[in-house]
Amino acid sequence: ALEQRAGETVASGTPAPKMTAPIIDRLFPQSVASIMGGRLISISQGSEEYPLTASSVTAGWQATETGAVAGPTVYSTAQRTVAPNNTLGIQMKITRKALKQSGDALEQAVRRDMNGAIAQAMDAAVFQGTGASGQPAGLLVGSYGITSTAVAAAATWAAFRSAIVRFLVANAANSPSEVKLLIRPEIFDKMDGTLITNTGISEWDRMLNNVPAANIAMSSNALAAPTGTPAASTALLTTDIGGVPPFFVGLFGGIDLIRDPFSDAASGGLRLTGLATMDVSAGRAPQLQILTGVQSA
């Protein structure tokens, strides 16, 4: 017979080794400013100005053998300026216990999170900046003379096609494939689910036949959420004809990280402060168009 013993060793009474994997960072939206053709300018100090032709000079025929041609006409320029007027930042505090408990990896994870949060806020400001409370004036709300057209109808290829035609007529694009488009994800959902009568082709398919997928940016960060009944949002179209970007984003000195072990020295804590000074300005107004009231429901 087997030997019988009283009592067993159970799991609750023994060590349970645990391995902690590297910290998984938060998800941040991809920057769409570069996708939309914006030029990021690194500026060490001071302001930077971009003169744009503002006049509309036209040629005229000589009506008679001794007659004069058109003119004289005035040539003038307007200035687009980016200046260090807007600073974005965030401060994080880490206690001594947290640092000793989690090690150097914790500080690195916090730094990455700060960088992601700043980049997200900067990208949103490029398009939605209010121009007040320290924010730059974004492309959708600034006074840049950008053409804004109210669609006030369901999202269809026809609505975007009309805007593209306006680019072509204004010599701001040579073909639909040169146009870049920024929309909300809900617009994609609406267009992809709307089939042309008696076909298997959707409104989204029609758009992709003319505008490359690489030129279409979908963002829930750069554009405000749909509002109203039916729900509607805003879309932005840009071109970079002639190698001139549709807008400029000035970044002054990059993203600065200040590591401060002194302010909380009494408790052994650490403060991390991230700062970014930036500004945004549209280039030539004919290279941008805004569509409002694009319905997704």
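The values are calculated or read from the model by the stated rules, or taken from the named source; none is laboratory data. As the structure is a computational prediction, the values presented were derived from the model and not from experiment. Cβ sites come from the backbone with ideal geometry, for glycine too, and all protein chains shown count toward neighbours.
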Practice problem: Could you pull out the residue among Gly138, Gly131 that is at positive phi and within 17 Å of the chain's Cα centre (by Cα)? | Solution: Gly131
Self-check item: the stretch 124-143, subset crowded, with 19+ Cβ neighbours inside 10 Å and touching a Phe, Trp or Tyr at 6+ places or on another chain (Cβ under 9 Å), residue farthest from Leu237 (Cα to Cα)
Solution: Ala137
Quiz item: Quick check: is even one residue across the stretch 104-127 of a type outside the set (A, V, I, L, M) and at pLDDT 95 or above?
Solution: yes
Quiz item: Does Pro226 meet the test of being of a type outside the set (S, T, N, Q) and under 19 Å from Ser31 (Cβ atoms)?
Solution: no
Quiz item: Among all residue pairs at least 6 apart or on different chains, which show Cβ distances below 8 Å where the first residue, located in the stretch 260-280, is acidic (Asp, Glu) and the second is surrounded by 17 or more Cβ atoms within 10 Å (Cβ to Cβ) and not in a loop (DSSP other than H, G, I, E, B)?
Solution: Asp260/Leu270; Asp260/Leu272; Asp264/Leu270; Asp279/Val82; Asp279/Asn86; Asp279/Val249; Asp279/Gly250; Asp279/Phe252
Self-check item: Failed criterion for Gly200 (all others in (1) surrounded by 19 or more Cβ atoms within 10 Å (Cβ to Cβ); (2) among the small types (Gly, Ala, Ser); (3) over 22 Å from Gln295 (Cβ atoms) hold)
Solution: (1)
Quiz prompt | The listed residue being of a type in the set (S, T, N, Q), within 26 Å of Val141 (Cβ to Cβ) and over 17 Å from the mean Cα position of the chain (by Cα), out of Thr194, Thr229, Thr239, Thr199 | solution = Thr229
Quiz prompt | Conditions (1) out of contact with any strand residue (DSSP E or B) (no Cβ under 8 Å at 6 or more places or on another chain); (2) closer than 30 Å to Pro22 by Cα: number failed by Met92 | solution = (1)
Quiz item: Restricted to the stretch 37-55, and to residues that are closer than 15 Å to Ala276 by Cβ and of a type in the set (Val, Ile, Thr), which residue is surrounded by the fewest Cβ atoms within 10 Å (Cβ to Cβ)?
Solution: Ile41
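Out of all the residues in the stretch 221-228, is one or more in contact with a Pro (Cβ under 6 Å, 6 or more places away or on another chain), under 22 Å from Gly129 (Cβ atoms) and surrounded by 15 or more Cβ atoms within 10 Å (Cβ to Cβ)?
Of the stretch 221-228, the ones in contact with a Pro (Cβ under 6 Å, 6 or more places away or on another chain) are 221.
Among the residues that remain, those that are also under 22 Å from Gly129 (Cβ atoms) are: 221.
Subset that is surrounded by 15 or more Cβ atoms within 10 Å (Cβ to Cβ): 221.
Yes: one or more hits.
Among the residues of the stretch 163-216, how many are among the small types (Gly, Ala, Ser) and closer than 23 Å to Val32 by Cα? Quick ask: steps written out before the conclusion?
First pass over the stretch 163-216, keeping only residues among the small types (Gly, Ala, Ser): 163, 170, 172-173, 175, 177, 193, 200, 202, 213-214.
With the extra rule that they be closer than 23 Å to Val32 by Cα, the set shrinks to 163, 172-173, 175, 177, 213-214.
Number of matching residues: 7.
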Quiz prompt | Ala68 being under 28 Å from Ala266 (Cβ atoms), surrounded by fewer than 12 Cβ atoms within 10 Å (Cβ to Cβ) and among the small types (Gly, Ala, Ser) | solution = no
Exercise. Answer yes or no as to whether Ala119 is assigned to a helix (DSSP H, G or I), touching a Ser or Thr at 6+ places or on another chain (Cβ under 8 Å) and not hydroxyl-bearing (Ser, Thr, Tyr).
Key: yes
Exercise. Name every residue in the stretch 56-89 that is in contact with a strand residue (DSSP E or B) (Cβ under 7 Å, 6 or more places away or on another chain) and not basic (Lys, Arg), in order of residue number.
Key: Thr77, Ala78, Gln79, Thr81, Val82, Ala83, Pro84, Asn85, Asn86, Thr87, Leu88, Gly89
